[in-house]
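The values are calculated or read from the model by the stated rules, or taken from the named source; none is laboratory data. Here the structure is a predicted model, which is why all the values come from computation and not from measurement. Every residue, glycine as well, gets a Cβ built from its backbone with ideal geometry; the counts of neighbours run over all protein chains shown.
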Amino acid sequence: MLGYWNRPEATAEMIRNGWLHSGDIAVMDEDGYFFIVDRMKDMILVSGFNVYPTEVEDVLFHHPKILKCAVIGVPDDQTGERVKAFVVLKPGETATADEIIAWCRDPEQGLTGYRVPREIEFRDSLPETMIGKVLAPRHCRKKRRQAWPATAVPPAS
């Protein structure tokens, strides 16, 4: 890659000492294969600990009432950031934020305490690509700052 057209600052940020810094986070398995698991820009920093949104989303996707979700970091005065989840429930399901948080805290889910969402926001939908992939977390952060229609699902009684 030679660089971005007419954007020398962006080129200098992405290409340093001949290396392309894409911002992707990858892991290597025992056979030497690499898998992209997240983006550096999406990483949440809680009290100095790295939280990758996909780790939390994987747990949320296994909740029997959750259809879709997105996880972002939101500012926190004590920890720098805290984990927030946007959740779309399956049709006909109801749940409370406490129920979802308790699911994430369950030791069987494998999330350490700082990775557990502190805030759950229920939505009727999440912004998606044309093929149905959730556009998160960047779009969820943007919508949090803008007037995103308040379509919260009422909690179960």
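Residues are listed down the side, and each one gets a yes or a no for (1) at pLDDT 95 or above; (2) part of a loop (DSSP other than H, G, I, E, B); (3) touching a Pro at 6+ places or on another chain (Cβ under 8 Å):
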| position | (1), (2), (3) |
| --- | --- |
| Ile100 | yes, no, yes |
| Met130 | no, yes, no |
| His139 | no, no, yes |
| Ala150 | no, yes, no |
message: Regarding region 117-124, can at least one residue be identified that is touching a His at 6+ places or on another chain (Cβ under 7 Å) and not aliphatic (A, V, I, L, M)?
response: no
message: I'm told Asp77 meets every condition in (1) surrounded by fewer than 11 Cβ atoms within 10 Å (Cβ to Cβ); (2) at pLDDT 95 or above except one. Can you identify the failing condition by its number?
response: (2)
- request: Read through the list (1) at pLDDT 90 or above; (2) of a type in the set (D, E, K, R); (3) under 23 Å from Ala26 (Cα atoms), then give the number of the only condition that Asp124 fails.
  value: (3)
- prompt: For region 60-74, what are the residues that are closer than 21 Å to Asp42 by Cα and crowded, with 20+ Cβ neighbours inside 10 Å?
  reply: Leu60, Lys68, Cys69, Ala70, Val71, Ile72, Gly73
- request: Test each condition in (1) part of a helix (DSSP H, G or I); (2) under 9 Å from the mean Cα position of the chain (by Cα) for Leu60 and report the one that comes out false.
  value: (2)
task: Just need a number here: residues in region 102-116 that are part of a loop (DSSP other than H, G, I, E, B) and more than 15 Å from His62 (Cα to Cα).
output: 1
Total residues in region 81-111, condition within 16 Å of the chain's Cα centre (by Cα) and farther than 25 Å from Gly132 by Cα: 4
statement: All conditions in (1) surrounded by 10 or more Cβ atoms within 10 Å (Cβ to Cβ); (2) modelled with pLDDT of 90 or more are true of Glu13 except (2)
